Amino acid sequence: MTVMARTLKVAVVVALLIAFPMGCSEHQPPPTPPPHLLLISLDALRADHLSSHGYHRHTTPFLDDSLRELFGRLDEIGFLDNAVVLITADHGEEFGDHGGLLHRGSLFDELVRVPFIVWGRGVESGVVDPTLVSTIDIPPTLLAAAGIGPSPTMEGRDVLAPSPVAWADQRVFAQYRDVLYSIRTPRFKLIRGPGRRLRLFDLENDSNERRNLARDRPELAVELDTELEFWRLARPRIGGDGASTTELDPATEERLRTLGYID
C-alpha cells in the first residue's frame, strides 16, 4: 500500500500559557493556578471524518496514533492534570463533493465545517453541543479558560459559556478572499458568489448542499443576504484594490498552488 506523504501531514500548533500564582499570606491558601492551554490544529480535517473516503481511511488512524502518543507523553509529565485542550482544523478537504479536490476556493461544508473539540479542566465530558461556533471563537475560549478576559477589539466568544444568542438567531459567517461569502443559521446556509449570485441550502434536508433554493425561497435568500451584507461591511477589507501585493518566486508560487492556497 502506498500512502502519499501529504496524507501523513499533520500540523500541530501548541500554545502554552504559563502563569505564576500571586503571592499570598500564611493565612490564605494559594490560588488555583490557571490551566495549561494546548491548541492542536490538524491540517485538512473535515468534521464528518471522511470515514467513507480512502484518503482519510489512511489518515484517521495515523492522526489517532499521533494524538495518542502526544497525550500519553503529556500525561506522563503531569501536563494534563491541569490543562484545557482544544482540537480543530484549519480547513476541510474536497473529494469531488462539488467537483473540486483538495481545498480550493469554496465555502461548501466539506471545506468550512471542521471539528471543534474541547477537553480538560472545567469542561463537561461527553457533550455534543449543537451551538454554532467558529474558529474565531478559539482565542476568547482559551483566554476565558485561563481566567483572562478578551481585549475590547477581539471578536468571537467563549464557547464554554452559554450562548447569549437564542438558538434560532445564531449565525456563523465565512469568507474566501473578497470573492465568496456565506452565512449559516441552525438550518439554512447562504453562499454569495461573484455577481451576487446566491445559493441557498436547507442543511436539515440537504446536508450535502445539492439543491439551490434561492429561487424557491427568494424572501429568505434576500433576508440572509442582507444580514450577510451588514456583516461584510463591518469587516476589514481582505483583498481587492487595497490589498498589499508581494512578488512570489516561481517555486513558492507553485508550492502554494499545489497546496490549494492560490489558483
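What follows draws every value from the coordinates through simple rules; no lab data is involved. Worth saying up front: this structure is predicted, and the values here are computed from it rather than measured. Cβ placement follows ideal geometry from the backbone for every residue including glycine, while neighbour counts extend to all protein chains displayed.
Sites listed here are GluC sites (Glu not before Pro) in the stretch 69-166 whose DSSP assignment is loop and whose Cβ has at most 13 other Cβ atoms within 10 Å: Glu124, Glu155. From most to least packed by mean Cβ count within 10 Å, the peptides 228-235, 185-192 give 185-192, 228-235. Principal axis extents of the Cα atoms in the stretch 167-240, from largest to smallest and rounded to whole angstrom, are 35, 28, 22.
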